[in-house]
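Contents: one structure, followed by commentary.
Derivation of every value follows stated rules applied to the coordinates shown; laboratory data play no part. Being a predicted model, the structure only gives us computed values, none of them experimental. Virtual Cβ from ideal backbone geometry, glycine too; neighbours counted across all protein chains shown.
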Amino acid sequence: MKNTRETGMTLIEVMIATFIITVALLAVAAALGNGINAMFIVQEQLIAKQKAREALESVFTARSTQNIAFTDILGVTAGGKFLEGWQPIAAMGPDGIANTADDGAVEEIVFPGPNGNLGDSDDEHKPLSNYERQITFTDVLLLSGAVDPEIRKITVDVRFQVRGRWWTISVSSYISKFA
């Protein structure tokens, strides 16, 4: 007796396999899209983190070199030197301290151009016009609940805009009146 039954895939099996492959390819495409989006953001995050640390370091340096008194390490409305609210990331002025009234124009970053050498005519200049920075000061409380007059918390927030969405990087530290 001869078996006349033919084996193979039915149309339903082919459709299910095609659906599974399509879903898998869409998942790979979504992951690839997320990776590309992350590449756009990671450079901006690095710049923002560096600008936040730079601002924090400028406050510590000014305090340590006694360019400003501890009483000046506050916002303008509290009698200090620092501009309040979001400010453009500007070149530090003669006092060397970020977010003060003597800051200059919007800062720019210079990247090496196509030849890979920094400092020649083909360098790329990127103004930091889509970045903003704010420095806030918070009182530190003693165990008794009173404000400690010798220490403050400094928080530097830098935000930047990528593809219409704002991202924020924060750096915090404590500063005392003792250099």
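Tabulated data for the structure shown
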item: Some residue of region 5-26 being of a type in the set (Gly, Ala, Ser), under 26 Å from Val140 (Cβ atoms), in a loop (DSSP other than H, G, I, E, B) and free of Cβ contacts under 8 Å to residues at least 40 places away in the same chain; result: no
item: Every residue from region 111-137 that is surrounded by 14 or more Cβ atoms within 10 Å (Cβ to Cβ), in a loop (DSSP other than H, G, I, E, B) and of a type in the set (Asp, Glu); result: Asp123
item: Output for region 152-179, where each listed residue is in contact with a Lys or Arg (Cβ under 6 Å, 6 or more places away or on another chain), surrounded by 14 or more Cβ atoms within 10 Å (Cβ to Cβ) and farther than 19 Å from Val140 by Cα; result: Val158, Ile169
